[in-house]
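Read through the structure below, which is laid out as structure tokens, and then see the notes.
The values are calculated or read from the model by the stated rules, or taken from the named source; none is laboratory data. Just so we're clear, the structure is a prediction, and the values are computed from it rather than from any experiment. Glycine also receives a Cβ, built like all others from the backbone with ideal geometry; neighbour counts cover every protein chain displayed.
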Amino acid sequence: MNRKAMVACLKGIVVTLVVLCALFFFGLLPMEGRLLMELEKDLAWAYWPCLIWAWLFAVPVFGAAVPAWQIFDTLKEKGKAFCSENSRRFRLIAFCSWASAFIFLAGLIIMGANGVGSGPLWFAVAPMLLLGLCAFGFACFAMSGLVKESAEMKEENELTV
């Protein structure tokens, strides 16, 4: 696979994920919440707090798409990927991942304290999502360090030539 095709594939993945997340957070989630409100009248008060919590969780998710797109742009040309800008971009993606994890955990605790939530959410979804977000954040943070180190080595080599 050549570079242009690889970058097109990666950008296609980002666009697809952003569209799917938008459909989930702004389409499916509000619709399911309204349906749940009709079924569970005593939890109708939680519709807007839970929706706002989900939208707050989504902000860093969507925010991470921008630096990812910028990183993919640098992959078009050989030798451009290892730069200090990409190191900062990977670090930003890591912080977005950790911010989403924090927002999810905070909302889970607040909603749980108010009697909202179910067993599968607490014991299946929450640990997997939190672990996945934290692991992805650490992987991006590690990539940030590797790209920074590579960029410094590249600069040193360019100075010695």
Completion exercise
Turns out the helices (runs of 4 or more DSSP H) fully within segment 7-113 with at least 1 residues that are among the charged types (D, E, K, R), surrounded by 14 or more Cβ atoms within 10 Å (Cβ to Cβ) and at pLDDT 95 or above are 84-113
Completion exercise
Here the qualifying pairs (Cβ atoms under 6 Å; residues six or more apart or on different chains; first in segment 115-129 and without any contact (Cβ under 8 Å) to a residue 60 or more places away in the chain and within 17 Å of Ala46 (Cβ to Cβ); second surrounded by 10 or more Cβ atoms within 10 Å (Cβ to Cβ) and of a type outside the set (Val, Ile, Thr)) come out as Gly117/Met111; Ala126/Leu108
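Select from segment 126-140 the residues that are aliphatic (A, V, I, L, M), surrounded by 12 or more Cβ atoms within 10 Å (Cβ to Cβ) and within 16 Å of Ala106 (Cα to Cα) and write down the one among them that is modelled with the lowest pLDDT.
To start, the set of residues in segment 126-140 that are aliphatic (A, V, I, L, M) comprises 126, 128-131, 133, 135, 139.
Remaining after also requiring surrounded by 12 or more Cβ atoms within 10 Å (Cβ to Cβ): 126, 129-130, 133, 135, 139.
Filter once more, keeping what is within 16 Å of Ala106 (Cα to Cα): 126, 129-130, 133.
Working: Ala126: 89, Leu129: 94, Leu130: 95, Leu133: 97.
In this case the residue turns out to be Ala126.
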Completion exercise
Within segment 65-94, the count of residues that are more than 20 Å from Ala142 (Cβ to Cβ) and touching a Ser or Thr at 6+ places or on another chain (Cβ under 7 Å) comes to 1
